Amino acid sequence: MNVFSQKPFARIAGLGSYLPEKVVTNHDLEASLETTDEWIVSHTGIQQRHVVVEGQNCSDLGIMAAKRALEDAGISADELCMVICATCTADYENFPTTACLIQGAIGAVNAGAVNLNAACTGFPYALAFARSYCACHGAPVLVVAAEVISRLLDWHDRSTCVLFGDGAGAAVLVPSDEPGLVDEVLGADGTAGNALIRPCGTRFPIDGAVGVPFLQMNGKAIFPFAVRTMEDVIYKLLERNNLKLSDIRHVIPHQANRRIIEAVARHMDVPVERFFLNIDRVANTSSASVPIALDDLYRAGSIQTGDRILTIGFGAGLTFGGNLLVWNK
Ligand code: ACO
């Protein structure tokens, strides 16, 4: 029987993240696109993004983040009972899953492996499922969120390519006597899916008829959805747990656009500084954005035992969600 098996809750025991070394600045993009650093910074808050090089894939980023999280947790890969990989830019469109590639590479020989796709909300969804699985099965679970969105972009389309970057973040969950992962709100509006779509998959015949399937986004439609749902998720998590915003040490939003976060802050009548932002350095890394931000805060020494943390995401689907954590690593 596993040593953890009598513990009813789950907590985060380790974090890790990884950004590919190659950096593309706004000034680099000025050379190939009709855009300016001033436009990108003023409309998004982004100054640079990390992108993969040829031969570097989603699983490569995920493996690096996973190894760092396992090392931080002091847990060996063979103790894991499950590897969940949140991604919408998997190495293979169908199979094998990126979770299996990561499971194999790190030697998680006793773990199942599954991909989860909730687009940019992938980490809040994966964390929610992982906390239940971890507590039920009494053994550590690895959550990896890894994305290479740069491979879905039309680098001639200035309205999308400036927004995204690549990266991965990971968390190791262990069973716990006290709840570290406390609650989550997960939701979707499947009627609005056309606002962010990549037109490929079994709906489309493999005969080249649809052209190159780049990501297509209606940014103006997503903006108000993001503001409304982020605010809703925050208030729901607070109300359900009898908390006020002042009880929360860190609010970690999906890093899609600084102006979205500013709008949420305005609606909630709090300063934007209430939200942790690293979008200037990493841009929108889809599902990886929340765990990369969480790891940034953690590695900077800004998270103390007992801190309450909210993670909030939104993304294609359209999906939205968030988690309430109490830090007891
Ligand atoms: N550089 C210069 N000009 C640009 C650029 C650029 N990179 N991109 C667009 N423009 C131009 C447009 O062509 C337009 O020109 P026009 O007025 O001559 O037609 C003008 O700037 C304004 O364009 P808008 O689309 O109206 O710009 P807006 O202020 O709405 O900002 C943006 C666009 C940044 C995409 C915004 O709508 C947004 O952030 N929406 C949310 C998108 C989002 O969150 N995406 C992620 C979704 S979920 C996920 O994370 C996967």
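What the table below lists for this structure:
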read-out: Residue in region 218-244 that is nearest to S286 (Cα to Cα), counting only those that are more than 16 Å from the ligand (Cβ to nearest atom) and open to solvent by less than 30 Å² (accessible area, probe 1.4 Å); value: I234
read-out: Pairs, first in contact (Cβ under 8 Å) with a residue 24 or more places away in the chain in region 226-244, second of a type in the set (S, T, N, Q), C-beta under 8 Å, six or more apart; value: A226/N257; L237/N323
read-out: Some residue of region 121-141 being part of a strand (DSSP E or B), within 20 Å of E79 (Cα to Cα), modelled with pLDDT of 95 or more and among the aliphatic types (A, V, I, L, M); value: yes
read-out: Given (1) more than 16 Å from the ligand (Cβ to nearest atom); (2) outside the structural domain of Y298 (by TED's automatic domain parsing), number of the condition D154 does not satisfy; value: (1)
read-out: Failed criterion for G167 (all others in (1) open to solvent by 10 Å² or more (accessible area, probe 1.4 Å); (2) in a strand (DSSP E or B) hold); value: (1)
read-out: For I84: the one exception among (1) under 25 Å from G317 (Cβ atoms); (2) open to solvent by 30 Å² or more (accessible area, probe 1.4 Å); value: (2)
read-out: Complete set of residues in region 120-151 that are more than 16 Å from the chain's Cα centre (by Cα) and closer than 23 Å to V282 by Cβ; value: R151
read-out: Residues that are within 20 Å of A288 (Cα to Cα) and touching a helix residue (DSSP H, G or I) at 6+ places or on another chain (Cβ under 8 Å), drawn from region 28-60; value: T44, G45, I46, Q47, Q48, R49, H50, V51, V52, C58, S59
read-out: One residue from G107, G112, G122 being closer than 16 Å to G321 by Cβ, in the same structural domain as A146 (by TED's automatic domain parsing) and open to solvent by less than 50 Å² (accessible area, probe 1.4 Å); value: G122
read-out: Tally, over region 290-329, of residues that are closer than 16 Å to A171 by Cα and small (G, A, S); value: 2
read-out: Flag if A105 is more than 27 Å from I252 (Cβ to Cβ), of a type in the set (A, V, I, L, M) and free of Cβ contacts under 8 Å to residues at least 24 places away in the same chain; value: no
read-out: Qualifying residue in region 151-162 (condition: of a type in the set (S, T, N, Q), open to solvent by less than 10 Å² (accessible area, probe 1.4 Å) and in contact (Cβ under 8 Å) with a residue 60 or more places away in the chain); value: no
read-out: Residues (buried (at least 24 other Cβ atoms within 10 Å of the Cβ) and either of a type in the set (A, V, I, L, M, F, W, C) or touching a Leu at 6+ places or on another chain (Cβ under 8 Å) (or both)) located in region 90-100; value: A99
read-out: Options I84, I63: the member that is more than 16 Å from the ligand (Cβ to nearest atom) and in contact with a strand residue (DSSP E or B) (Cβ under 6 Å, 6 or more places away or on another chain); value: I84
read-out: Subset of region 179-199 (residues that are open to solvent by 20 Å² or more (accessible area, probe 1.4 Å) and among the aliphatic types (A, V, I, L, M)); value: V182, L186, A188, A192, L196, I197
read-out: Helices (runs of 4 or more DSSP H) wholly inside region 1-78 containing at least 2 residues that are open to solvent by 10 Å² or more (accessible area, probe 1.4 Å) and under 22 Å from A99 (Cβ atoms); value: 58-73
read-out: Qualifying residue in region 203-217 (condition: within 11 Å of the ligand (Cβ to nearest atom) and closer than 26 Å to V51 by Cα); value: yes
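Residue by residue, here is whether (1) in a strand (DSSP E or B); (2) within 16 Å of the ligand (Cβ to nearest atom) holds:
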site	(1), (2)
I252	yes, yes
E262	no, yes
S289	no, yes
A293	no, yes
G306	no, no
I312	yes, yes
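The values are calculated or read from the model by the stated rules, or taken from the named source; none is laboratory data. Source: prediction; values computed, not measured. Positions of Cβ are generated from backbone atoms using ideal geometry, with glycine treated the same way; all protein chains shown enter the neighbour counts. Heads up: the accessible areas ignore ligands, DNA and RNA and are worked out on the full protein's heavy atoms, side chains in. Shrake-Rupley method; radii C 1.70, N 1.55, O 1.52, S 1.80 Å.
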